[in-house]
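Below is one structure; the comments refer to it alone.
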Amino acid sequence: MSLVIPPPVAEAILKAAGGRDVEEFLLSLVAEKLDPSERVQIYLKLHEKYLREAEDLYAKNDLAQAGGKYWGAVTALLNAVAEKRGLPHYSHRDYAALIEKLYDEMEDEELLKGFALAERLHANFYHNFLEKKSFEVHRREVLRLIEKLKMLAT
């Protein structure tokens, strides 16, 4: 399904999103109309979309864009995990707090490391400073984080 939005409305949505991913922004606006299990399923689908796009961009060697999509895949999963637990998940701070909480519960240092490397991929989206060799290390660890978060989200 596709949705056609007239340009003036699209411009207003982009402005209101304030640089956030438009799909996630729109989801946050309609989320209160959905029950938590529906929201979790939507976040899981967004995760799959972002991860697929990240892998496609990575294969094309577009590392900056791929990093942004890997970050999107991680945050979509964090949204799903937080939604299941009834925790806030609307800001970078909320994501960091959730990772801290998960670390406290699980004592799994890989969560902290993976999240820190995901943040670096997110920064690389804006500043394009990672070389391919180090990007691959970041990507590998973020994919491990994604697997752990998927288990918590499903």
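FYI, it's all coordinate maths here, none of it is from the lab. What you are looking at is a predicted structure, and each value in this text was computed from that prediction instead of being measured. In this analysis, Cβ positions are derived from the backbone assuming ideal geometry, glycine residues included, and neighbour counts consider all displayed protein chains.
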Self-check item: Extreme residue, positive dipole direction of the chain, given options Leu3, Leu98, Tyr43 (C-beta unit charges)
Solution: Leu3
Exercise. Tell me the label-point distance for the pair Leu112, Val9, using the 7 Å Cα-to-Cβ offset, in nm and rounded to one decimal.
Key: 4.7
Self-check item: Charge dipole (the stretch 2-86, unit charges on Cβ, about Cα centre) - positive-most of Ala54, Ala12, Val74
Solution: Val74
Quiz item: How large are Rg and Dmax for the chain when only the alpha carbon atoms are used, in Å?
Solution: 15.6, 49
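Of the listed pairs Lys15/Lys84; Lys15/Lys132; Lys45/Lys101; Lys84/Lys133, which have alpha-carbon separations greater than 28 Å here? Let's see the in-between values first.
Values: Lys15/Lys84 30 Å; Lys15/Lys132 33 Å; Lys45/Lys101 24 Å; Lys84/Lys133 36 Å.
Distance filter (> 28 Å) returns Lys15/Lys84; Lys15/Lys132; Lys84/Lys133.
Arrange Val9, Val40, Val4 by Cβ neighbour counts within 10 Å, fewest through most, would you? Before the final figure, lay out each step's value.
Details: Val9 10, Val40 19, Val4 6.
Ordered from fewest to most neighbouring Cβ atoms within 10 Å, Val9, Val40, Val4 come out as Val4, Val9, Val40.
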Self-check item: Label-zone membership for the stretch 72-87, site Asp35, 7 angstrom Cα→C-beta point, backbone N under 19 Å
Solution: 80-87
Quiz item: In Å, the Kirkwood hydrodynamic radius of the stretch 29-118 over pairs of distinct alpha carbons?
Solution: 13.8
Quiz item: Given +1 on the Cβ of Lys and Arg, -1 on the Cβ of Asp and Glu, and no further charges, what dipole in debye does the chain carry about its Cα centre, rounded to the nearest 20?
Solution: 280
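Tell me what the chain gives for mean residue ellipticity at 222 nm when only DSSP H runs of n ≥ 4 count, each as -39,500 (n - 2.57), the sum divided by the residue total, rounded to 500 deg cm²/dmol. It would help to have the intermediate numbers written out before the result.
Working: 7 runs with 123 residues, N = 154.
Result for the chain, helices only: -27000 deg cm²/dmol.
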Quiz item: Roughly how many Å is it from the Cα centre of the stretch 95-152 to that of the stretch 26-69, as a whole number?
Solution: 16
